[in-house]
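Structure first, commentary second.
Values quoted throughout were computed directly from the atomic coordinates according to the rules given, and no laboratory measurement underlies them. Remember, predicted model here, so these are calculated numbers, not experimental data. Here Cβ is always computed from backbone atoms with ideal geometry, including for glycine, and neighbour counts include all displayed protein chains.
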Amino acid sequence: MTYPVIFIHYGNPDWLKSTLYQAKIYNPKVILLGDETNNKYPFVEHYNLSEFSDTALEFRKVYQHLSKRDAKYELFCIERWFILESFMRKKAIKQCFYQDSDNMLYLNVGDFALKNYADVQFASFLGTGCDFFINRYDILKKLCLFLKNCYVDADLFKKIQIKNTELLQQNRAGISDMDLLSLFIMQNLSSYRNIGVPDHGSFFCANIKGSQGFEMHQQFKKVYCLNHQLYCKQEETNTFFRCNTLQFQGDSKKYIPYFSSLLSNQLMGPYYFNYETCKWLSV
């Protein structure tokens, strides 16, 4: 069965082509739910996301913004799950891998899911949806119902308000889609697998700026190119783990083009990436 990679993105930043094409290198079916500005990449299937915003618009009517984050941005972070659910429902897609558009992907997601996650309904990081395996459409439908209930169910909304107050008291920005996703995961642990734990010699990157137990270099994960593949070295064991993904959050997006497999395939010996010079240097 086809296991497509699906992106959801407004606009056409200069790095978007790199992340889309990187996913296409390893996966036969890559889908972009976007807008007219990014309908220009013939190697992906493009759909206008506004055609799949029916339930997202319904959710917008009940959403209450609680955090200090930009309201429009935070709302879209939640609405994307409704857009994805609508798309999968209308296109009769039963499985997919959702990926944030600032992620670089280095594996065939269908093969990986079949080998590692066949016994669960979904797999992701605990607290962020940047990489999200959906093995059953029904779990996404269940997630959307939970997200809506967070704002229409009085008892659940009260819990959200309390959590938001706690976060604000900790000088944090307040409740976010990541907190809601974490709550949903905790309610569905028997159907879930955490991809944040390095396993089988590889790992998923939650943030290039975060260690996850790997060696750091110039405030970023130190990434090596060995035999044309990208790796990070686990500090505790001194073991190399192959990168399944690399996530370039915020201003780190400028590095995305340097981590293309088209470039690493040209590197013959062991190299590491220097973020100051934007060059791959010999180890």
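Here segment 115-210 is treated with +1 on each Lys and Arg Cβ and -1 on each Asp and Glu Cβ, and its dipole about the Cα centre works out to around 80 debye.
Dipole magnitude for the chain: about 160 debye, using +1 per Lys or Arg Cβ and -1 per Asp or Glu Cβ, origin at the Cα centre. Given the options GLN169, GLN234, GLN187, state which has the largest fluctuation in a GNM of the chain using a 10 Å cut-off (strictly under) for Cα springs. Comparing GLN169, GLN234, GLN187 in a Gaussian network model of the chain, the most mobile one is GLN169.
Think of the chain as a dipole: +1 on every Lys or Arg Cβ, -1 on every Asp or Glu Cβ, centred on the Cα centre; then among LEU105, MET186, PRO28, PRO28 lies furthest on the positive end. Taken along its principal axes, the alpha carbon cloud of the chain reaches lengths of 59, 44, 37 Å, longest axis first. Across the chain, C-alpha contacts under 8 Å between residues 6 or more apart give a mean separation that, scaled by the residue count, equals a relative contact order of 17 percent. The modelled label-to-label distance for the pair GLN161/SER211, using points 7 Å beyond Cα in the direction of Cβ, is 4.0 nm. A full extension of the chain between GLN218 and ALA154 corresponds to an added length of 18.4 nm, given 0.36 nm per residue minus the alpha carbon distance. The string of couplings for segment 258-275 from the Karplus curve (6.51, -1.76, 1.60, θ = phi - 60°) is 7, 10, 6, 5, 4, 7, 5, 5, 8, 8, 7, x, x, 10, 9, 8, 9, 6 Hz, one whole number per residue in order, with x for Gly and Pro.
For segment 1-79, the calculated P(r), taken from all Cα-Cα distances in 10 Å bins from zero up to the bin holding the longest distance, is 16, 41, 30, 12, 0 percent.
Axis of helix 71-90 versus longest Cα principal axis of the chain: the two differ by about 90°, to the nearest ten degrees. Geometric descriptor of segment 76-125, per residue, is 108 Å³ (volume of the convex hull of the Cα atoms). Which translational diffusion coefficient, to the nearest whole µm²/s, is obtained for segment 49-193 from the Stokes-Einstein equation, given a Kirkwood hydrodynamic radius over C-alpha pairs, 37 °C and 0.692 mPa s? Stokes-Einstein gives a translational diffusion coefficient of 205 µm²/s. Label reach from LEU281 (point 7 Å along Cα→C-beta): in segment 206-249, amide nitrogens under 18 Å belong to 215-226, 231-233. In segment 202-282, the ratio of gyration radius to Kirkwood radius, Rg to Rh, stands at 0.92 when only Cα atoms are counted.
Suppose only helical runs count, i.e. DSSP H with n ≥ 4. What mean residue ellipticity at 222 nm does that imply for the chain under -39500 (n - 2.57) per run, divided by all residues and rounded to the nearest 500 deg cm²/dmol?
So the calculated ellipticity at 222 nm is -10000 deg cm²/dmol.
Taking 0.36 nm per residue of sequence separation and removing the Cα-Cα distance, the THR37/ASN108 pair yields an extension gain of 22.8 nm. Diffusion coefficient of segment 124-179 by Stokes-Einstein, Kirkwood radius over Cα pairs, 37 °C, 0.692 mPa s: 259 µm²/s.
Toward the positive end of the charge dipole of segment 48-125, with +1 on the Cβ of Lys and Arg and -1 on the Cβ of Asp and Glu, the farthest Cα among TYR63, TYR117, TYR73 is that of TYR63. Between the residues SER53, SER252, LEU126, the greatest Cα displacement towards the positive end of the dipole of the chain, with unit charges on the Cβ of Lys, Arg, Asp and Glu, is found for SER53. The residues VAL44, VAL283, when put in order of fewest to most other Cβ atoms within 10 Å, stand as VAL283, VAL44.
Ordering HIS228, HIS217 by the number of other Cβ atoms within 10 Å of each residue's own Cβ, fewest first, gives HIS228, HIS217.
Label separation (HIS200 vs THR239): 1.5 nm, computed from points 7 Å beyond Cα along the C-beta direction.
Across GLN121, GLN95, GLN64, mean-square fluctuation computed from a Gaussian network of the chain (C-alpha pairs under 10 Å connected) peaks at GLN64. Cβ crowding within 10 Å, taken as a proxy for footprinting-reagent exposure, orders TRP280, TRP15 from fewest neighbours to most as TRP15, TRP280. For segment 202-282, a crude dipole built from +1 on the beta carbon of Lys and Arg and -1 on the beta carbon of Asp and Glu, taken about the Cα centre, is about 180 debye to the nearest 20. Counted over the chain, the DSSP beta bridges are approximately 65% antiparallel. State the Cα centre-to-centre distance between segment 81-113 and segment 32-73 in whole Å. Computed from Cα coordinates, the inter-centre distance equals 15 Å.
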